[in-house]
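Novice: First the structure, which I've put down as structure tokens, then a few questions once you've had a look.
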Amino acid sequence: MEMGLMTFYIPTIIINVVNVLLFFAIIKIFLWKPVMGIMEKRQQMIQDDLDQAQSDKEQAQAMKEEYEGALADAKEEAAGIVEKARQRSAQEHDAAVAKTQEETAKMIADAQHMIEVERGKAMKGMQAEIATIAMAAACKVVGNNIDEEDNRKYLDDFLSEAGGKE
């Protein structure tokens, strides 16, 4: 069949069509399937990497929450320890103040007791001195000296009377 400059030969067309179909079949078998297999493997590998990344992200988030919880617990525990230390410090301070006040009161009581003892000694010493002076004056007024035993008896009576009037 002739149609101008181009001639169409059916057997040539059929051979060309068969060649093209055969070429596509060979490409499909030897090129397309391996390329698609590689692409599927690559896509699966990418999907696995994405899944692993998501899993790692979730695990990291869980660890972060766990650490934040542990940190919050640690802060709470630290606050408790600080509060206990403050309470213990306050108790020790109060105990030290009470002990100091007790010691001060004891020292004051001891000092007052010592003052009373010294005052008593001084009073007895003054009474004895006054009695001796009084006896000496009485002896001079009376003009004679009574014996030592009578002096001692009068002195004791005088001291008893003077001590009883306080």
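Novice: Mind checking which lysines have their C-alpha under 29 Å from LYS121, skipping anything on the same chain fewer than 8 residues away?
Specialist: Those lysines meeting the cut-off are LYS106, LYS140, LYS153, LYS165.
Novice: Roughly speaking, what is the stretch gain from ILE81 to GLN59, that is 0.36 nm per residue apart minus the C-alpha to C-alpha distance, in nm to one decimal?
Specialist: Working: separation 22, 0.36 × 22 = 7.92 nm, distance 3.23 nm.
Length gained between ILE81 and GLN59: 4.7 nm.
Novice: Excluding residues on the same chain fewer than 8 positions from LYS75, give the lysines whose Cα lies under 30 Å from its Cα.
Specialist: Excluding near neighbours in sequence, the set is LYS57, LYS64, LYS84.
Novice: Report in % the part of the accessible area of the range 1-116 that belongs to carbon and sulfur, leaving out ligands and nucleic acids; probe 1.4 Å.
Specialist: On the way: 6960 of 10850 Å².
That fraction is 64 percent.
Novice: Here is a further query. Leaving out ligands and nucleic acids, and using a 1.4 Å probe, what accessible area per residue does the range 12-130 come to in Å²?
Specialist: Values: 10750 Å² over 119 residues.
Here the residues of the range 12-130 average 90 Å² of exposed surface.
Novice: Treat each spin label as a single point 7 Å out from the Cα along the C-beta direction, and report the ASP110 to SER89 distance in nm.
Specialist: With each label point 7 Å from Cα toward Cβ, the separation is 3.2 nm.
The values are calculated or read from the model by the stated rules, or taken from the named source; none is laboratory data. As the structure is a computational prediction, the values presented were derived from the model and not from experiment. Neighbour counts run over all protein chains shown; Cβ positions are idealised from the backbone, glycine included. Heads up: the accessible areas ignore ligands, DNA and RNA and are worked out on the full protein's heavy atoms, side chains in. Shrake-Rupley method; radii C 1.70, N 1.55, O 1.52, S 1.80 Å.
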